[in-house]
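Scroll down for the structure; my scribbles are underneath it.
The values are calculated or read from the model by the stated rules, or taken from the named source; none is laboratory data. All of these numbers come straight from a predicted model, not from anything done at the bench. Don't worry about glycine lacking a Cβ; one is built from the backbone with ideal geometry, like all the others, and counts go over all protein chains shown.
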Amino acid sequence: MNLKNPKLLETRSFINGRFINANDNKTFSVTNPYDGKTIAEVADCGQSETLGAIKEAQEAYRSWKKLTGTERGQILRRWYDLQMENIDDLATILTCEQGKPLVESKGEIGYGASFVEWFAEEARRVYGDTIPGHQRDKRIIVIKQPIGVVAAITPWNFPNAMITRKVAPALAAGCCVIIKPAELTPLSANALAVLAKEAGFPPGVFNVINSSTPEVIGRELTSNSIVKKLSFTGSTEVGKILLKQSADTVKKVSLELGGNAPFIVFDDADLDKAVEGAVAAKYRNAGQTCVCANRFFVQDEVYDKFVQKFSKAVRAQKVGSGLSEEVTIGPMIEEKAILFVEELVANAVERGAEVITGGRRIGDVPSLFYQPTVLTNVNKNMMVFDQEIFGPVAPIFKFKDEDEVISLANDTPYGLAAYFYGKDHSRIWRVAEELEYGMIGINTGMISTTVAPFGGIKESGFGREGSKYGMDDYLEIKYMCWDIGNG
Ligand code: SIN
């Protein structure tokens, strides 16, 4: 890997301000999904290192919470500056361990850093409240305080931004953090730790534990009563396990889980804009984001035209190594992921779907490249209707009217993101209000931004990240009722 700053390629975990090997010196391999080659051997920590990190974080919390918001914000701001100064290297590390095209990796580093910048500013705006007393001699004051030690368990699809989106508000609020990055992509997390150390976070405030046995680390983080809050991004299946495990210590939990996003095109939509939005919403990160469009619903009058324009745009995508400049779609993350996509497409085809373009793995196993795919003649009885695809496959359903499409779109336990295109203003309001999702893209396929609350409803989870709401998940509300004695 060619880096301007080679020390960013750190393989050890980061606890109490020091980079450490595993207690038993065990390591695990990190591979490049492009060619399957090992790019690093990373320290493989376990329960005892996790316990150590929790205790150090508890100790560090005693003084970190006492700093002013401005003081914490200054360190966060330095961390932000360092991320932007090292954007090229951070993007290279990300592409090498995750596979996404370099331009997307740079986008992710900028997006990730923007949460640090935002919460560096928000750190000094943790306002309380005064409430008119309920009796003449009573005064009521509300303050907000950091929740304490926070565990962040983060996914492989955004190895940088899902860390900063959780950790920046936690640190700004005065919490200390223990990050457990996905075992497929630990290097981006370690690079963030290198820069966190350089930015000047006191020892114990920011910790990263890498492990090839996530369930062991997860069990400690969820069952330990010192940890007061868990924030998790990942599958609904794992989220439910972590939620159950957190119950005994009654932890505050935020979950950003799976999605099954509808992408609706009404007959009055600007079709060219809809196609552009559809490609962005579907094929970003090879279809591996929780907010990727999963099911396309196109009104019957414009169906054929949309399919033709969309398929043309999909055929123009360039699949290959994320390090090549012209590439727009990289490899999938691992064999398991590509096998699942193959199963979904086979199931659809068996039940009558037509493959308009794509439909196959590129090359033979162990290649992790899958052709960007468009399926028509699809219906509700296929797995592509109710499973989160998490790959570059777009099934396009046909619908007749608004009632039908709302009911199809909401016919899922998930409720993360939804998208629709159309011009009729009354319908836009109606549809936006009827869709049971936490985030709605209206005439746009790109909704992720620091300044808006990211999160879902139903089995897509709860809690919000980013925006003015993002700090709330790391704060407790305390109210003081004061008897002034002479009312
Ligand atoms: C995710 O897939 O979990 C996050 C996607 C985003 O922030 O856009």
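Among the residues of the stretch 195-204, are any under 18 Å from the mean Cα position of the chain (by Cα) and either under 30 Å from Asn5 (Cα atoms) or modelled with pLDDT under 95 (or both)? Looking through the stretch 195-204, none of the residues is under 18 Å from the mean Cα position of the chain (by Cα) and either under 30 Å from Asn5 (Cα atoms) or modelled with pLDDT under 95 (or both). Selection of the stretch 256-274 for residues being away from the ligand (no atom under 11 Å from the Cβ) and either buried (at least 24 other Cβ atoms within 10 Å of the Cβ) or of a type in the set (Ser, Thr, Tyr) (or both) yields Asn260, Pro262, Phe263, Ile264, Val265, Ala274.
Results for (1) farther than 18 Å from Ser231 by Cβ; (2) surrounded by fewer than 24 Cβ atoms within 10 Å (Cβ to Cβ); (3) away from the ligand (no atom under 16 Å from the Cβ), shown as yes or no for each residue.
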| position | (1), (2), (3) |
| --- | --- |
| Ile406 | yes, yes, yes |
| Pro413 | yes, yes, yes |
| Asp424 | yes, yes, yes |
| Arg427 | yes, yes, yes |
| Arg430 | yes, yes, yes |
| Glu436 | yes, yes, yes |
| Gly441 | yes, yes, no |
| Phe454 | no, no, no |
| Gly461 | no, no, no |
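Candidates Glu220, Glu183: the one that is in the same structural domain as Ile20 (by TED's automatic domain parsing), among the acidic types (Asp, Glu), at pLDDT 95 or above and more than 16 Å from the chain's Cα centre (by Cα) is Glu220.
Residue count for the stretch 113-167, restricted to those that are closer than 19 Å to Thr450 by Cβ, within 16 Å of the ligand (Cβ to nearest atom) and either hydrophobic (A, V, I, L, M, F, W, C) or assigned to a strand (DSSP E or B) (or both): 11.
Looking at the stretch 225-238, can you tell me whether even one residue there is buried (at least 24 other Cβ atoms within 10 Å of the Cβ), assigned by TED's automatic domain parsing to the domain that holds Ala120, closer than 24 Å to Glu10 by Cβ and of a type outside the set (A, V, I, L, M, F, W, C)? Yes, the stretch 225-238 contains at least one residue that is buried (at least 24 other Cβ atoms within 10 Å of the Cβ), assigned by TED's automatic domain parsing to the domain that holds Ala120, closer than 24 Å to Glu10 by Cβ and of a type outside the set (A, V, I, L, M, F, W, C). For the criterion of being surrounded by 14 or more Cβ atoms within 10 Å (Cβ to Cβ), more than 16 Å from the ligand (Cβ to nearest atom) and part of a helix (DSSP H, G or I), Ala170 passes.
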